[in-house]
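Structure, as structure tokens:
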Amino acid sequence: MNRGAARITTFHDNDDYQKLIDLLLQLKRRYCFEIHAYCLMPNHYHILIRTPLPNLSTGMRHLNSLYTSYYNKKYKRDGALFRGRYKAILIDADNYLLRVSRYIHLNPVKGYLIKHPGKYLWSSYQFYVSHIATPDWLYTETILSYFGIKQQKNRYSLFVMEQTDQELEIFYSKAKLLPVLGSDIFRKKISKEVLCKIRSSKEIPDRKKVSTMPSLANICRTVAKHYQVSSRSLFAVKRSQGNLPRKIAIYLSAELSGKSFGFIATFFKNIGTAGVSQIVLRVNSARVSETSIGNISKDIIALSNLIKS
């Protein structure tokens with residue numbers, strides 16, 4: 001979730017809402033995000049996401065920066081639009097997935113924008129309860145599967161409208177939100193198996209240390225050493241057999257450096273911004289399916305750790 005700085009309005013008209021929704025499609029295509037629910041409010045948004053790849057920070061930075069650029073250009077302003085880095089809460093799906101989706105979908109009702117969530121255009125609720133076509137980037141099947149096989153949409157609608165979830169109301173009303181929403185067992189498991197083993201990570205909410213962005217030159221040196229090739233070869237386009245180290249170097253530059261795709265394209269030469277975008281898309285897809293360009297997930301994880309260290 002994220003909120004406008006000083007609670008300023010972040011969505012003024014239908015075009016603004018639609019712009020951010022269009023960017024959700026990019027999160028699916030470019031970063032393989034699974035978007036299960038969303039709600040865009042006048043001065044903030046909620047998105048319920050599962051990330052098969054450890055790239056939450058990169059994808060959310062992409063979303064917020066592109067929408068901010070659009071907003072600043074349209075309204076002739078400058079500077080940050082949102083309050084800061086997005087707020088991420090890790091959810092215990094077994095106990096809280098349905099309830100969080102209900103909380104998200106009831107936001108317009110609690111905000112007194114409409115009386116029934118089905119009347120609100122800028123949330124995913126309409127796709128859960130009606131028979132209009134669901135966007136291919138929105139995953140409704142997981143949540144609806146909790147309601148059996150028949151009349152899933154009707155049952156979900158009844159679930160959303162049956163009551164207010166006091167526990168979640170209290171949880172989300174706190175000035176400082178906890179990074180994990182789950183049972184005691186779930187929180188202890190996450191603390192023991194994940195949080196205590198990570199020194200500093202962009203994927204963990206409320207990290208105390210801000211890691212330094214690696215340079216493109218450092219990324220290239222690390223990739224070249226790993227694949228036992230010369231750094232110069234990463235700038236060569238081998239159209240006949242391809243150049244996997246070059247692709248990995250470009251991908252890691254897009255994921256880790258914080259540089260724009262245009263800057264990365266200029267650095268690597270003989271490639272455009274669209275080409276960088278396509279490499280990110282294809283590598284992410286390959287990491288999920290382990291097809292097309294081979295089993296590269298272990299290489300990318302190992303290289304990422306080396307570059308960040």
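No lab work stands behind these numbers, since they all come straight from the coordinates. Bear in mind that the values here come from a model prediction, so they are computed numbers and not experimental data. Positions of Cβ are backbone-derived with ideal geometry, glycine not excepted, and every protein chain shown enters the neighbour counts.
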Problem set entry | Counted charge near T273, where neighbours are those whose Cβ lies closer than 14 Å (Asp, Glu -1; Lys, Arg +1) | +3
Exercise. According to a simple spin-label model (label point 7 Å from Cα along Cα-to-Cβ), what is the distance in nm between K115 and V237?
Worked result: 6.1
Problem set entry | Stokes-Einstein translational diffusion, region 1-103 - Kirkwood Rh over all Cα pairs, 1.002 mPa s, 20 °C, in µm²/s | 150
For this session: Give, as a single signed number, the net charge of other residues whose beta carbon lies under 15 Å from the beta carbon of R7, with Lys and Arg counted +1 and Asp and Glu -1.
Result: +3
Seminar exercise, completed: Looking only at lysines whose Cα falls under 17 Å of K298's and that sit 8 or more positions away or on another chain, we get K225, K247, K308
Problem set entry | Per-pair calculated FRET efficiency, R0 = 22 Å: L25 and R99 via Cβ, rounded to 0.05 | 0.25
Problem set entry | Proximal charge balance of R99 [Cβ under 9 Å; K/R count +1, D/E count -1] | -1
Exercise. Using alpha carbons only, what's the Rg to Rh ratio of region 216-308 with Rh from Kirkwood?
Worked result: 0.92
Seminar exercise, completed: Taking R0 as 35 Å and r as the Cβ-Cβ distance between L66 and S145, the FRET efficiency 1/(1 + (r/R0)^6), rounded to the nearest 0.05, comes to 0.60
Exercise. Each residue of region 93-109 in turn: what ³J(HN,Hα) in whole Hz from Karplus with 6.51, -1.76, 1.60 and θ = phi - 60°, glycine and Pro shown as x?
Worked result: 4, 4, 10, 10, 4, 4, 5, 5, 4, 5, 4, 4, 6, 8, 3, x, 6
Problem set entry | Per-residue ³J(HN,Hα) for region 224-234, Karplus 6.51 cos²θ - 1.76 cosθ + 1.60, θ = phi - 60°, Hz, x for Gly and Pro | 4, 5, 4, 8, 6, 10, 7, 4, 4, 5, 6
Exercise. Taking 0.36 nm per intervening residue step and subtracting the Cα-Cα distance, what contour gain separates A133 from K174 on full extension?
Worked result: 11.1 nm
Problem set entry | Kirkwood hydrodynamic radius of region 2-197, Cα pairs, Å | 17.8
Exercise. Most mobile of K259, K76, K19 per a Gaussian network model of the chain (Cα springs, under 10 Å)?
Worked result: K76
Exercise. For labels at K87 and L281 in the simple 7 Å Cα→Cβ model, what's the distance in nm?
Worked result: 3.4
Seminar exercise, completed: A correct Karplus calculation of ³J(HN,Hα) over region 189-194, with 6.51 cos²θ - 1.76 cosθ + 1.60, θ = phi - 60°, whole Hz and x for Gly and Pro, returns 5, 5, 4, 6, 8, 10
